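Read the structure below first, then the notes.
The values are calculated or read from the model by the stated rules, or taken from the named source; none is laboratory data. These numbers come from a predicted model, not from an experiment. Reconstructed Cβ throughout: ideal geometry from the backbone, glycine too, with neighbour counts over all protein chains shown. With ligands, DNA and RNA removed, areas are computed over all heavy atoms of the protein, side chains included. Shrake-Rupley method; radii C 1.70, N 1.55, O 1.52, S 1.80 Å.
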Amino acid sequence: MIQLWNWFRRGFLERGLDRELQYHFDRRVGDLTASGIPEPEARRRVAAELGLAQVREEVRDVWLTRWFRDFLYDLRFSARSFLRSPSFTAVTLLSLALGIGATTAIYSLVDQVILHALPIKDPARLVLVDWKGDQTAGGFGSWNLMSYPICRDLREQSQFFDGVLCRAEIDVNLAAGGDPKPVAAE
C-alpha cells in the first residue's frame, strides 16, 4: 500500500532524492578536489564511481513496485501510439471486440450444452428405462423405443417416477422448395 501512496507523491520523493544524491556527489567531488585532482576530472570520476542513474533506479524500485511503474509507462506509450494512428486503433479495437464476442458466444454455448447441469432438481436420480425387443406394443417403434401407450402408463406410476420423458425416432418427408426427401426426426 505504501508503494501505491508513493506513486502519488513521487514528485516530492524525486526532489528529495535529487538533493540527497547531489549532496553526496558534491561531497565526493570536494574530497577529490582537496586531494589535488582538478574539478572537471573529479566530477567525471565521481559520476562514474557513484553510478547515479543506477542508484536512482534502485531507489525507485524501493519506492514503487517496478511492474506497476512499467505498466503505467506502457499504458502511456500505448495511448500515445494509438492516438498517432487512429485507423490502426480502430482495427485493433474492432478485432478485440470480435474476438472477445466470439469467445464469449462459444463459451456460452459450450457451457449450456456440455458444462451446465441438467435443468432438473436432482440429476442423480435420473433413470433410463430401455426397451429391448424386436417390436413394441401396437406395432410402433423399433428395437429400443417404447410406444406412446407404454410411456403414458409409466408417467401415471407416480409412486415410482416423478416424471417421464419419452422419445421416438421416425422418418418424415421434408420439402424445402422442391421434391420432398425422407429425413430422420425425433
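Out of ARG45, ARG27, which single residue is touching a Leu at 6+ places or on another chain (Cβ under 7 Å) and not in a loop (DSSP other than H, G, I, E, B)?
Values: ARG27 fails: touching a Leu at 6+ places or on another chain (Cβ under 7 Å).
Exactly one residue qualifies, and that residue is ARG45.
Name every residue in region 84-127 that is closer than 30 Å to VAL164 by Cα, open to solvent by less than 100 Å² (accessible area, probe 1.4 Å) and outside any loop (DSSP other than H, G, I, E, B), in order of residue number.
Those that are closer than 30 Å to VAL164 by Cα, open to solvent by less than 100 Å² (accessible area, probe 1.4 Å) and outside any loop (DSSP other than H, G, I, E, B): SER108, VAL110, ASP111, PRO123, ALA124.
Restricting to region 151-185, give me the number of residues that are over 30 Å from LYS121 (Cβ atoms) and not in a strand (DSSP E or B).
Total satisfying the criteria: 6.
Taking ASP61 as meeting all but one of (1) loosely packed, with under 10 Cβ neighbours inside 10 Å; (2) within 22 Å of GLU14 (Cβ to Cβ), write down the number of the exception.
Failed condition: (1).
Could you list all residues from region 163-186 that are within 19 Å of ASP130 (Cβ to Cβ) and touching a residue at least 12 places away in the same chain (Cβ under 8 Å)?
The answer is VAL164, CYS166, ARG167, ALA168, GLU169, ILE170, GLU186.
So the check is Cβ under 6 Å with 6+ separation or different chains; which pairs have a first residue in region 12-25 that's more than 14 Å from ARG60 (Cα to Cα) and a second one that's open to solvent by less than 90 Å² (accessible area, probe 1.4 Å) and β-branched (Val, Ile, Thr)?
Pairs that qualify, where the first residue is more than 14 Å from ARG60 (Cα to Cα) and the partner is open to solvent by less than 90 Å² (accessible area, probe 1.4 Å) and β-branched (Val, Ile, Thr), are PHE25/VAL46.
Filter region 152-173 for residues that are open to solvent by 100 Å² or more (accessible area, probe 1.4 Å) and within 44 Å of the chain's Cα centre (by Cα) and give the result. Show your work before the answer.
Taking region 152-173 and keeping what is open to solvent by 100 Å² or more (accessible area, probe 1.4 Å), we get 155-156, 159-160, 162, 165, 167, 169, 171, 173.
ASP162, LEU165, ARG167, GLU169, listed by residue number.
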